[in-house]
Amino acid sequence: MTAPTEPPLPAGLTSRHLTLDDAAAVQALIASEEQRDLGRTTVSLDDVVGEWQRPDRDLAASTTGVERDGVLLGYGEVDDGHAFAGVHPDEQGRGIGRWLARWTEDAARAAGHPVLSGQVLAGSPADRLLEARGYQTRFTAWDLELPAGAEVAARPLPAGYTLRPAADADREACWTLLEDAFLEWSDRERRTFEEFGSTTWGRPGFEPWNLRVVAQEGPGGEVVGATFTTITDGDGYVHKLAVRPDRRGLGLATALLADAFAAAREHGAAASRLSTDTRAGARGLYEKVGMVVESTWVNRVLDLAR
């Protein structure tokens, strides 16, 4: 079946591909939506730059921006079969979202992706838009918060393990461990060491405390767990947490989580957050240490061959 033709952009609006120089404008647009929907900002400029500077990203083929007189009103991008888009709250309801949805679908088809997924706030206008376009529910995701002032007591490690900032020599082990854990339930392609590094230790603003590991004690101790945590708008955010499968059940994940929260507080975070979904099966762990669900998201997927 041929997809319906979308109406053109409203008069006075233009579109163009984006470059790294547009990262600040995109982050500001995302922040305006987040402030309206969540009352806070979760995506920092460093996050956008870190993703866009990955060596596998072709921004000319995978991004678009909608402008009026040089001011960015909306943006869309496709990355590894996933769509991201946003429209400034003052400009919503004028057809920009529908135009961006069609653009991301066409860009995904051109890149050879059989399906396209997007994650939106449950029950939001964006959720209703994707449902109307035939996107099916794939899984549910949650943002969880450790409320301001709450603390998780440090967890003692089993004998023979130590928890510390990652050294440069640990980076390859962190890449392998964190990618292996993510790919246990995600369907995206494995990122190369260079691609992974550009969003962690190569991310603008990276500091040694952001990447922490559990390793066996002694010279050359093997890395068996890791976390990657940053601070955005005064909030700590645990982007990645993983323990090697043969070392699970020892309390290492809880120790890493408590350590990540403590490190974020030490560096100025008032609250700590993370995201998870039904595929990972980790929500119970996070709620057990006192985190609460702050928002619920729906991941929807469209069959591009229909």
#### Entry: Checking Gly123 against (1) part of a loop (DSSP other than H, G, I, E, B); (2) touching a residue at least 40 places away in the same chain (Cβ under 8 Å), the condition it does not meet
(2)
## Note on the structure
Of the residues in the range 265-293, those that are among the small types (Gly, Ala, Ser) and under 21 Å from Ser186 (Cβ atoms) come to Ser275, Ala280, Gly281, Ala282, Gly284
### Query
Is there any pair with a first residue in the range 139-168 that is at negative phi and in a loop (DSSP other than H, G, I, E, B) and a second that is at pLDDT below 95 and aromatic (Phe, Trp, Tyr) whose Cβ atoms are under 9 Å apart and which are 6 or more apart or on different chains, and what are they?
Ala150/Phe261; Glu151/Phe261; Val152/Phe261
### Query
Here is a list of conditions, (1) open to solvent by less than 40 Å² (accessible area, probe 1.4 Å); (2) of a type in the set (A, V, I, L, M); (3) touching a residue at least 40 places away in the same chain (Cβ under 8 Å), and Ala110 meets all of them except one; can you say which number that is?
(1)
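Can you pull out the residues in the range 198-214 that are touching a strand residue (DSSP E or B) at 6+ places or on another chain (Cβ under 7 Å) and closer than 18 Å to Arg57 by Cβ?
Step one: filter the range 198-214 for residues touching a strand residue (DSSP E or B) at 6+ places or on another chain (Cβ under 7 Å), giving 200-201, 208-214.
Selection gives Thr200, Trp201.
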### Message
Show the residue pairs meeting these rules: Cβ distance below 6 Å; 6+ apart or different chains; first residue within the range 58-72 and within 23 Å of Ala110 (Cα to Cα); second residue among the acidic types (Asp, Glu).
### Response
Ser62/Glu77; Thr63/Glu77
### Summary
Given (1) among the charged types (D, E, K, R); (2) loosely packed, with under 14 Cβ neighbours inside 10 Å; (3) touching a Leu at 6+ places or on another chain (Cβ under 9 Å); (4) without any contact (Cβ under 8 Å) to a residue 60 or more places away in the chain, Glu287 misses just (4)
### Query
Could you say whether any residue in the range 131-144 is modelled with pLDDT of 95 or more, under 21 Å from Asn299 (Cβ atoms), surrounded by fewer than 20 Cβ atoms within 10 Å (Cβ to Cβ) and out of contact with any strand residue (DSSP E or B) (no Cβ under 9 Å at 6 or more places or on another chain)?
yes
### Neighbours by Cβ (under 9 Å, 6+ apart or cross-chain): first from the range 203-220, closer than 22 Å to Trp52 by Cα; second in a loop (DSSP other than H, G, I, E, B) and among the basic types (Lys, Arg)
Asn210/Arg203
### Query
What helices (runs of 4 or more DSSP H) lie completely within the range 170-281 and have 3 or more residues being exposed (fewer than 14 other Cβ atoms within 10 Å of the Cβ)?
none
### Query
Does the range 86-95 hold any residues that are of a type outside the set (Val, Ile, Thr) and in a strand (DSSP E or B), and which are they?
Gly86
## Note on the structure
Across the range 291-305, the tally of residues that are small (Gly, Ala, Ser), within 22 Å of Ala148 (Cα to Cα) and surrounded by fewer than 15 Cβ atoms within 10 Å (Cβ to Cβ) stands at 0
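The values are calculated or read from the model by the stated rules, or taken from the named source; none is laboratory data. Every value quoted in this text rests on a predicted model; they were computed, and no experiment measured them. Reconstructed Cβ throughout: ideal geometry from the backbone, glycine too, with neighbour counts over all protein chains shown. Ligands, DNA and RNA are stripped out before the accessible areas are found, and what is left, the full protein with its side chains, is counted by its heavy atoms. Shrake-Rupley method; radii C 1.70, N 1.55, O 1.52, S 1.80 Å.
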